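Here the structure is laid out as structure tokens; the discussion comes afterwards.
The values are calculated or read from the model by the stated rules, or taken from the named source; none is laboratory data. Quick caveat, the model's predicted, so the values are computed rather than measured. Here Cβ is always computed from backbone atoms with ideal geometry, including for glycine, and neighbour counts include all displayed protein chains.
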Amino acid sequence: MSGAEVPRRAGLPLRMLAVGLAGLGGAVAVSFLTLNPTSALLLSALFGAGLLYFLLSRFMGWSDRWMVIAVPLLWLGIFFLVPFFVLGRISLSETMIARPPYSPLWETDAQGNVEIIASLQNYWFILGDALYRNAYLSSIKIAAISTVFALLLGYPIAYFIARSPEPRRSFLLLLVVLPFWTSFLLRVYAWIGFLRRDGVINNTLIWLGVIDEPLVMMQTDFAVYIGIVYTYLPFMILPLYANLVKLDGALLEAASDLGATPMVTFFTVTLPLSLPGVIAGSMLVFIPAIGEYVIPALLGGPDTLMIGRTLWDEFFSARDWPVASAVAIIMLILVVIPMMWLQAVQNRQEEGQ
Amino acid sequence: MTSNPAIAANTRPWRDPDAKPFISIQHVTKRFGDFTAVNDVSLDIFRGELFCLLGGSGCGKSTLLRMLAGFETPTEGKILIDGVDLAGTPPDRRPTNMMFQSYALFPHMSVEKNVAYGLLREGKSKAEAMSHAAEMLKLVKLEKFARRKPHQLSGGQRQRVALARALAKQPKVLLLDEPLGALDKKLREETQFELIRIQETLGVTFIVVTHDQDEAMTLATRIGVMTEGVIEQVGEPREIYETPKSRFVADFIGSVNLFEGRVGPAAPDLMRVETEDLGPVVAPPVAGLTQGQTIWLAMRPERAWLTRERPAESVNCVPGVVQDMGYVGHMSSYMVKLANGRLVRVTQANEGRRDNPISWDEQVHVSFEPADFRVLTE
């Protein structure tokens with residue numbers, strides 16, 4: 001992409017601003033350097049990025065468009081691709097009692113011949129072992145059921161917020177996001193207080209006389225479902241809300257004018273038009289739920305089989321890094337493939353509209 | 001400007017005092033909090049009419065339409081269609097259908113499914129609904145586009161889909177909210193006559209809301225001019241144009257010169273009016289005016305005569321200077337500055353090829369026939 005494609009003159013004030021901000025960041029960074037290493041690092045990074053941006057755009061003719069994509073690309077490269085390749089590399093080796101605890105991928109013998117010893121045996125082992133298969137299937141099942149419940153719960157909430165009068169909406173959205181102000185771990189721990197034998201729920205029900213014996217809720221799949229649905233509900237609500245709030249009220253009036261009852265209008269107009277929101281929300285719940293470790297570890301029982309836990313056990317109990325890496329890679333593929341497929345479907349639909 | 005009203009029915013039932021109205025709006029008021037959108041409106045509309053509610057934005061015309069459709073509930077008053085009080089009837093059970101200003105086509109459905117939507121809600125079978133939808137699409141000349149999605153159509157085609165969808169259920173009354181507002185000028189003019197053709201073919205009563213006076217004049221059997229929540233005047237397009245009841249209506253429909261004056265001493269068959277701009281003039285007599293009362297004289301620009309010499313027989317004549325002129329082809333429009341600085345708009349038809357038309361900075365005389373003054377007291 002050449003710089004000529006983007007009107008460079010128009011971008012100039014923006015660039016000046018970037019340089020100015022970078023300069024400011026640099027100045028503050030220097031003053032912070034002795035006080036707080038973290039913020040100093042951040043501000044220096046800002047300074048460096050601004051300087052790099054200025055130099056590249058000014059002297060190398062890089063277009064602004066490239067620069068905009070470069071930041072997320074860099075992010076993905078450092079925090080996704082590099083770890084992915086590290087995992088991939090480990091998954092091809094054998095476990096060893098060493099440091100790090102896996103074999104090298106090639107060996108050079110005395111004659112200088114290079115022998116490649118990378119193998120896919122870890123993958124064959126995982127695919128052939130029912131334990132792992134069940135863990136994957138059970139993860140997918142738990143994630144799918146949680147997604148359905150999050151959708152059933154989140155859709156009415158998102159709909160209600162989207163239909164609320166404008167000034168109230170931001171307040172309601174604030175309530176949805178409010179739990180994020182507390183640590184995720186703390187919120188899951190809080191559920192233990194509710195669900196355990198002498199927890200809030202059992203005590204209340206016994207006090208009300210509804211039950212005589214406390215219900216067993218902790219360390220069951222039920223508790224895991226509650227934990228996942230509770231934790232990921234905002235990720236369902238927000239994209240659904242963003243979609244529903246855009247819905248043209250005239251379409252609902254048109255449907256009603258043409259003889260549709262509110263219920264029929266919902267199923268023939270609102271729901272089909274909100275499908276992109278449903279898909280986005282479901283992906284945002286389903287994908288992290290598949291790999292969830294903390295919730296089944298804290299709320300689930302010994303029977304709760306989820307791949308996140310298997311992964312943890314493989315890494316830290318069995319200390320078999322190569323198998324653990326292969327487990328992680330397969331999980332990634334399981335998640336990425338449906339995601340890409342959905343993305344493709346959505347793109348095709350958007351082209352149509 | 002005096003386009004003939006397109007009469008859908010051959011009769012003009014509103015001229016018959018015994019005729020039974022088809023739609024009866026009785027003392028309807030709609031308030032939103034402190035704001036009164038529609039203020040005590042009463043209106044009778046007859047079967048087969050193409051009635052236009054005309055007014056500027058915020059005059060309450062759309063609110064009135066939405067009350068007919070059932071999207072708003074009147075604060076006071078009632079609405080009857082075909083003798084049935086519609087209070088408490090939700091939009092999905094009213095004998096009305098609406099064509100929305102934004103068209104409100106369902107983006108996820110094809111054109112034919114959009115048109116069939118209302119028919120399916122009536123409980124028609126899918127085959128029946130689809131074949132009827134195909135007929136409707138033929139009526140609006142869109143049968144080739146049945147499988148397209150709305151976003152694949154042009155603005156004019158979408159407008160016709162919206163019309164077909166609203167007409168598919170054969171409503172007793174079709175409500176049209178700025179039906180031509182989103183079309184460009186040329187398409188709008190063509191579509192006006194298309195609308196009249198369809199309305200005459202089906203005989204459905206149309207109520208059209210518009211802010212465009214040309215559109216209202218072309219389409220309507222009768223026009224209701226609205227401002228600030230009240231209907232100022234109801235009448236045939238010619239009545240509204242020729243005999244406006246108030247300064248607002250005179251000013252809103254077409255362009256007009258308004259002169260303030262006081263009633264002079266009585267004379268037989270004519271009325272003398274003392275005006276600041278024109279001096280003493282003669283106007284047609286109006287009953288019930290007292291001497292000295294303040295009135296307004298409304299005069300359409302095309303009714304005045306512009307000459308270089310003072311015409312001998314002229315009753316009302318004032319001198320002036322042409323300050324500005326515009327040549328529009330079939331006519332020329334002049335701004336004439338009178339002695340006291342007042343500008344008067346005069347248009348002259350260009351009937352023949354005059355060798356020496358009146359032009360800028362010429363001394364001219366503006367003459368008015370007494371009968372071309374419309375005397376307004378409001």
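Take the conditions (1) of a type in the set (Gly, Ala, Ser); (2) in a loop (DSSP other than H, G, I, E, B); (3) over 27 Å from B:Thr63 (Cα atoms); B:Ala116 misses just one of them, which is (2).
Mind checking whether some residue in region B:78-86 is in a strand (DSSP E or B), free of Cβ contacts under 8 Å to residues at least 24 places away in the same chain, within 27 Å of B:Thr201 (Cβ to Cβ) and of a type in the set (Val, Ile, Thr)? Don't jump to the end; show me each part of the working.
Let us first name the residues in region B:78-86 that are in a strand (DSSP E or B), namely B:78-81, B:84-85.
Now narrow it down to the ones that are free of Cβ contacts under 8 Å to residues at least 24 places away in the same chain: B:84-85.
Remaining after also requiring within 27 Å of B:Thr201 (Cβ to Cβ): B:84.
Within this subset, residues satisfying the condition of being of a type in the set (Val, Ile, Thr) are B:84.
Yes, that holds for at least one residue.
Does A:Tyr293 satisfy the criteria of being under 17 Å from A:Thr147 (Cα atoms), touching a residue at least 40 places away in the same chain (Cβ under 8 Å) and hydroxyl-bearing (Ser, Thr, Tyr)?
No.
Looking at region B:198-307, the strands (runs of 3 or more DSSP E) lying wholly inside it that each contain 1 or more residues that are closer than 29 Å to B:Gly60 by Cβ, of a type in the set (A, V, I, L, M) and modelled with pLDDT of 90 or more sit at B:205-210, B:222-227, B:230-235, B:257-267, B:294-299. The single condition from (1) free of Cβ contacts under 8 Å to residues at least 12 places away in the same chain; (2) within 16 Å of B:Arg374 (Cα to Cα) that B:Ser246 fails is (1). Looking at this structure, is B:Arg160 crowded, with 20+ Cβ neighbours inside 10 Å, at negative phi, assigned to a helix (DSSP H, G or I) and at pLDDT below 95? Yes: the conditions hold for B:Arg160. Just one of (1) closer than 29 Å to B:Ala287 by Cβ; (2) free of Cβ contacts under 8 Å to residues at least 12 places away in the same chain; (3) not assigned by TED's automatic domain parsing to the domain that holds B:Val282 fails for B:Val225. It is (2). Of the residues making up region B:314-336, those that are over 9 Å from B:Ser367 (Cβ atoms) and surrounded by fewer than 17 Cβ atoms within 10 Å (Cβ to Cβ) are B:Pro319, B:Val321, B:Gln323, B:Asp324, B:Gly326, B:Tyr327, B:Val328, B:Gly329, B:His330, B:Met331, B:Ser333, B:Met335. State all residues of region A:290-315 that are more than 19 Å from A:Gln343 (Cβ to Cβ) and either of a type in the set (A, V, I, L, M) or within 14 Å of another protein chain (Cβ to nearest Cβ) (or both); if no residue qualifies, say none. Matches in region A:290-315: A:Val294, A:Ile295, A:Ala297, A:Leu298, A:Leu299, A:Leu305, A:Met306, A:Ile307, A:Leu311. The combined condition, being closer than 24 Å to A:Ser139 by Cβ and either in contact (Cβ under 8 Å) with a residue 12 or more places away in the chain or not in a helix (DSSP H, G or I) (or both), is not fulfilled by A:Tyr241. Out of region B:46-66, which residues are touching a strand residue (DSSP E or B) at 6+ places or on another chain (Cβ under 6 Å), of a type in the set (A, V, I, L, M, F, W, C) and either within 14 Å of chain A (Cβ to nearest Cβ) or part of a loop (DSSP other than H, G, I, E, B) (or both)? Answer for region B:46-66, where residues must be touching a strand residue (DSSP E or B) at 6+ places or on another chain (Cβ under 6 Å), of a type in the set (A, V, I, L, M, F, W, C) and either within 14 Å of chain A (Cβ to nearest Cβ) or part of a loop (DSSP other than H, G, I, E, B) (or both): B:Cys59, B:Leu65.
Going by what's in this entry, would B:Leu86 be described as on the phi < 0 side of the Ramachandran plot, surrounded by 14 or more Cβ atoms within 10 Å (Cβ to Cβ), away from chain A (no Cβ under 13 Å) and modelled with pLDDT of 95 or more? Before you say what the answer is, go through the steps one by one.
Values: on the phi < 0 side of the Ramachandran plot: yes; surrounded by 14 or more Cβ atoms within 10 Å (Cβ to Cβ): yes; away from chain A (no Cβ under 13 Å): yes; modelled with pLDDT of 95 or more: no.
No.
Please go through region A:247-275 and give me each residue that is farther than 25 Å from B:Met67 by Cα and either more than 11 Å from every other protein chain (Cβ to nearest Cβ) or in contact with a helix residue (DSSP H, G or I) (Cβ under 6 Å, 6 or more places away or on another chain) (or both), ordered by number. Listed by number, the residues that qualify are A:Phe267, A:Ser274.
Quick grid of which residues meet (1) part of a helix (DSSP H, G or I); (2) exposed (fewer than 14 other Cβ atoms within 10 Å of the Cβ); (3) under 24 Å from the mean Cα position of the chain (by Cα):
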position	(1), (2), (3)
B:Ala129	yes, no, no
B:Met136	yes, no, no
B:Lys141	no, yes, no
B:Ala164	yes, no, yes
B:Leu176	no, no, yes
B:Pro179	no, no, yes
B:Leu183	no, no, yes
B:Leu187	yes, no, yes
B:Gln192	yes, no, yes
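Tally the residues that are of a type in the set (A, V, I, L, M, F, W, C) and more than 19 Å from B:Ala220 (Cα to Cα), restricting the search to region B:60-70. Count: 2. For region B:95-122, how many residues are more than 8 Å from chain A (Cβ to nearest Cβ), surrounded by fewer than 24 Cβ atoms within 10 Å (Cβ to Cβ), touching a residue at least 24 places away in the same chain (Cβ under 8 Å) and farther than 16 Å from B:Arg160 by Cα? Of the residues in that region, 1 qualify. Anything in region B:19-41 that is of a type in the set (D, E, K, R) and in contact with a Ser or Thr (Cβ under 6 Å, 6 or more places away or on another chain)? List them, or say none. B:Lys30, B:Arg31, B:Asp40 - these are the residues of region B:19-41 that are of a type in the set (D, E, K, R) and in contact with a Ser or Thr (Cβ under 6 Å, 6 or more places away or on another chain). Screening the candidates A:Ser325, A:Ser256 for the property of being closer than 30 Å to B:Thr96 by Cβ and surrounded by 17 or more Cβ atoms within 10 Å (Cβ to Cβ) yields one hit, A:Ser256.
Taking the stated definitions as given, is A:Ile116 exposed (fewer than 14 other Cβ atoms within 10 Å of the Cβ) and farther than 17 Å from A:Arg319 by Cα?
Details: exposed (fewer than 14 other Cβ atoms within 10 Å of the Cβ): yes; farther than 17 Å from A:Arg319 by Cα: yes.
Yes; evaluated as a whole, the condition is true for this residue.
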